[in-house]
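Heads up: the structure comes next, in structure tokens.
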Protein chains: 4
Amino acid sequence: MGKNRLETFSDGVLAIIITIMVLEMKVPHGAEFAALNPLLPVFLSYVLSFVYLAIYWNNHHHMLHATQRVTGTILWANLHLLFWLSLFPFVTGWIGENHFAPAPMALYGVVLLMAAIAYLVLQRAIIVSQGVDSLLAKAVRRDLKGKLSPVLYGAGILLAFLEPRIAAAIYVFVALIWLVPDRRIERVLGENET
Amino acid sequence: MGKNRLETFSDGVLAIIITIMVLEMKVPHGAEFAALNPLLPVFLSYVLSFVYLAIYWNNHHHMLHATQRVTGTILWANLHLLFWLSLFPFVTGWIGENHFAPAPMALYGVVLLMAAIAYLVLQRAIIVSQGVDSLLAKAVRRDLKGKLSPVLYGAGILLAFLEPRIAAAIYVFVALIWLVPDRRIERVLGENET
Amino acid sequence: MGKNRLETFSDGVLAIIITIMVLEMKVPHGAEFAALNPLLPVFLSYVLSFVYLAIYWNNHHHMLHATQRVTGTILWANLHLLFWLSLFPFVTGWIGENHFAPAPMALYGVVLLMAAIAYLVLQRAIIVSQGVDSLLAKAVRRDLKGKLSPVLYGAGILLAFLEPRIAAAIYVFVALIWLVPDRRIERVLGENET
Amino acid sequence: MGKNRLETFSDGVLAIIITIMVLEMKVPHGAEFAALNPLLPVFLSYVLSFVYLAIYWNNHHHMLHATQRVTGTILWANLHLLFWLSLFPFVTGWIGENHFAPAPMALYGVVLLMAAIAYLVLQRAIIVSQGVDSLLAKAVRRDLKGKLSPVLYGAGILLAFLEPRIAAAIYVFVALIWLVPDRRIERVLGENET
């Protein structure tokens with residue numbers, strides 16, 4: 001009931017967020033490759049945020065796939081997640097323009113942290129609505145990545161003030177452990193079909 | 001007949017409106033947290049408008065769910081609603097940049113008012129087309145929130161010239177009473193299924 | 001076969017075009033209503049273009065509804081139409097910023113003309129593919145509006161150099177005669193169902 | 001399983017990329033046609049990129065149509081393709097603003113090359129998942145255009161430093177040979193239905 005439209009709207013918002021981030025890479029006036037040098041940090045921050053948003057889209061895709069019924073709580077938990085994701089272009093531009101300075105790196109971590117919490121809240125809302133024996137509940141039973149990520153983001157936020165490169169390393173690391181798509185849900189869905 | 005495409009297009013427009021609003025938060029040049037201070041009112045206005053557009057999407061979602069047939073009148077009433085919603089990024093940027101000054105706050109209220117009227121017109125067009133015994137007609141029989149909101153927006157517009165903070169309080173209050181999703185339609189749909 | 005995706009993509013492009021036009025209304029720095037005065041022509045041009053794009057979406061919606069099969073030719077004729085529609089934000093901004101001066105008004109007419117021709121080409125491609133006895137072929141048999149519009153746009157382009165206000169009147173007039181949704185197709189579809 | 005959402009998201013991203021490119025054509029301040037002269041190269045680069053993105057959408061449409069099952073690998077191969085396509089607005093703006101200078105033309109070719117490779121990777125991922133006897137595998141057996149294009153892009157990148165006009169000619173030429181929609185897949189699908 002209405003799941004289709006929830007997906008369409010989320011896909012639309014995510015597609016726009018992921019695409020307007022590229023507008024932060026302002027076209028340089030010079031015509032030589034050297035004119036691109038100041039854009040390198042902006043480009044790197046774009047790649048990192050693209051990967052993060054792609055991970056969110058991917059996992060969102062799997063999570064909704066294991067959802068049968070959409071309630072008002074799920075709709076709002078989803079909008080809450082989209083709100084934090086919508087701040088990605090802003091913080092991405094800020095870290096890119098300031099070459100990964102401490103304050104921008106910490107704020108980037110705050111947005112990552114809030115999005116991760118919003119994702120967990122959405123997951124919980126879906127499980128509550130579908131029942132603890134639902135596919136999703138089984139799939140995320142030992143949600144190690146989901147529980148570890150907020151802790152790592154928190155560490156990144158604090159360490160950004162000490163040495164922003166450590167924060168950068170942590171954010172890249174978390175992205176890498178998530179790049180593996182959520183095979184847990186795929187596995188449980190597979191078992192169920194058998 | 002064609003309801004699907006009406007939803008897809010509305011979702012697309014709403015997704016874009018909600019997302020390009022964030023472009024009004026221009027990335028600051030400084031790299032300290034103090035550089036974010038001038039952006040605080042812009043951020044607050046973004047949050048308010050995000051919540052309003054989320055409410056519209058949510059209620060639109062419920063209203064269309066209770067709609068069986070799409071007519072030419074419904075198509076145009078929907079486009080009329082989208083027109084007023086498309087002015088949100090502009091007025092949101094204006095109140096944000098001018099720290100909630102009287103004129104911008106009044107104009108923000110005008111856009112809220114026109115969108116609310118456009119929503120009621122769309123609701124009426126759907127009820128006329130579906131019949132007074134339709135699910136939607138039953139669901140909105142005592143549409144207290146829908147009737148009260150325009151009155152409150154009108155008060156907000158007038159009071160903005162006296163003290164814009166009162167207008168702000170009214171706009172936040174109306175958003176809060178709408179944050180409760182439209183359980184009326186959910187309830188009537190539930191009854192009907194029984 | 002694939003009609004769904006053609007509609008989704010067209011809806012996406014149209015939704016974005018209609019929404020990014022609003023970005024041409026730059027948020028003014030002043031906080032009084034007088035600061036909005038220079039934006040009035042930009043707002044008027046936005047309203048006109050919004051109505052035109054809404055008409056295109058509406059008629060596109062009806063035309064595709066009467067289409068059974070999508071061929072390669074239809075895909076490209078559709079992309080060709082979207083190309084001309086994508087120039088709306090540019091010409092809309094140009095007439096708005098220059099208070100409806102002759103050259104911008106003429107170019108606006110050129111884009112209107114090219115979009116109208118592209119629409120007729122798409123209509124022809126669909127009729128060729130569906131057969132002359134198809135619903136669409138019957139519906140547009142006496143396509144008076146479709147044939148008259150390009151002539152009126154042509155007149156508007158020429159008269160823009162004499163007096164741009166005449167061109168403006170013509171463009172508004174054509175929009176008004178199209179605002180009536182394409183009841184011909186609705187009627188023929190209705191007959192068919194009987 | 002999930003193919004629908006993959007298409008919706010890709011359509012959304014492609015629709016946005018193709019549309020925000022037009023924002024690179026900044027509205028000129030002058031009101032005469034002469035004010036458009038500096039925009040001519042930007043317009044030409046917009047046309048070229050519009051055609052390329054339209055080709056990608058078209059072929060993507062056909063390829064997905066011949067796909068039955070979506071795996072995690074396909075999801076990521078698709079996101080990888082969208083990443084390279086998302087750089088189109090940037091390189092399009094760069095070649096347009098610098099009148100097709102050598103370095104921008106070479107970088108444009110690099111993005112074309114990477115997108116072409118990403119497309120082949122996606123095609124391979126789909127074939128691996130669907131089996132070598134699948135419709136798609138049959139359709140692209142002698143994928144001359146797919147194999148030739150990267151070679152031509154490579155030549156364009158190198159020749160851009162010698163004479164950017166040769167690179168431009170090559171990029172236009174490749175676009176032209178792809179403008180013919182992928183009739184191979186249509187043909188094989190047609191045979192299969194028989």
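Going by the structure shown, is B:A103 in a helix (DSSP H, G or I), closer than 18 Å to B:L53 by Cα and either in contact (Cβ under 8 Å) with a residue 12 or more places away in the chain or within 12 Å of chain C (Cβ to nearest Cβ) (or both)? Considered against the rule, which asks whether it is in a helix (DSSP H, G or I), closer than 18 Å to B:L53 by Cα and either in contact (Cβ under 8 Å) with a residue 12 or more places away in the chain or within 12 Å of chain C (Cβ to nearest Cβ) (or both), B:A103 comes out as no. Whether any residue in the range B:68-75 is at pLDDT 95 or above, assigned to a helix (DSSP H, G or I), on the phi < 0 side of the Ramachandran plot and among the small types (G, A, S) is what I want to check. There is no residue in the range B:68-75 that is at pLDDT 95 or above, assigned to a helix (DSSP H, G or I), on the phi < 0 side of the Ramachandran plot and among the small types (G, A, S).
Scoring B:L53 on the criteria (1) at pLDDT below 90; (2) under 20 Å from B:W178 (Cα atoms) leaves a single failure, condition (1). Does B:F43 satisfy the condition of being at the interface with chain C (Cβ under 9 Å from one of its Cβ atoms) and aromatic (F, W, Y)? Against the criterion (at the interface with chain C (Cβ under 9 Å from one of its Cβ atoms) and aromatic (F, W, Y)), B:F43 does not qualify. Once the range B:122-176 is narrowed to residues that are outside any helix (DSSP H, G or I) and not hydrophobic (A, V, I, L, M, F, W, C), the residue that is nearest to B:L64 (Cα to Cα) is B:S134. Checked against the criterion of being surrounded by fewer than 23 Cβ atoms within 10 Å (Cβ to Cβ) and within 9 Å of chain B (Cβ to nearest Cβ), the candidates C:N37, C:N58 yield just one match: C:N58. Could you grab me the full set of residues in the range C:1-13 that are under 23 Å from C:S49 (Cβ atoms) and more than 7 Å from chain B (Cβ to nearest Cβ)? Selection gives C:F9, C:S10, C:V13.
Taken over the range D:2-46, residues that are of a type in the set (G, A, S) and part of a helix (DSSP H, G or I) amount to 6.
Test D:L79 against the stated conditions and say whether it is part of a helix (DSSP H, G or I) and touching a residue at least 12 places away in the same chain (Cβ under 8 Å). So D:L79 fails the test. For C:G30, the criteria (1) within 9 Å of chain B (Cβ to nearest Cβ); (2) touching a helix residue (DSSP H, G or I) at 6+ places or on another chain (Cβ under 8 Å) hold in every case but one, which is (2).
Quick check on the range C:37-47. Is at least one of its residues closer than 24 Å to D:F50 by Cβ and not aliphatic (A, V, I, L, M)? Checked the range C:37-47: at least one residue is closer than 24 Å to D:F50 by Cβ and not aliphatic (A, V, I, L, M). Of the listed requirements (1) more than 8 Å from chain C (Cβ to nearest Cβ); (2) surrounded by fewer than 19 Cβ atoms within 10 Å (Cβ to Cβ), B:G72 misses just one: (1).
Consider the range C:14-27 and keep the residues that are more than 8 Å from chain B (Cβ to nearest Cβ) and surrounded by 20 or more Cβ atoms within 10 Å (Cβ to Cβ). The one that is nearest to C:F100 (Cα to Cα) is C:E24.
The values are calculated or read from the model by the stated rules, or taken from the named source; none is laboratory data. Bear in mind the structure is a predicted one, so any value in this text is a computation, not a measurement. All Cβ positions, glycine included, derive from the backbone under ideal geometry; neighbour counts span all protein chains shown.
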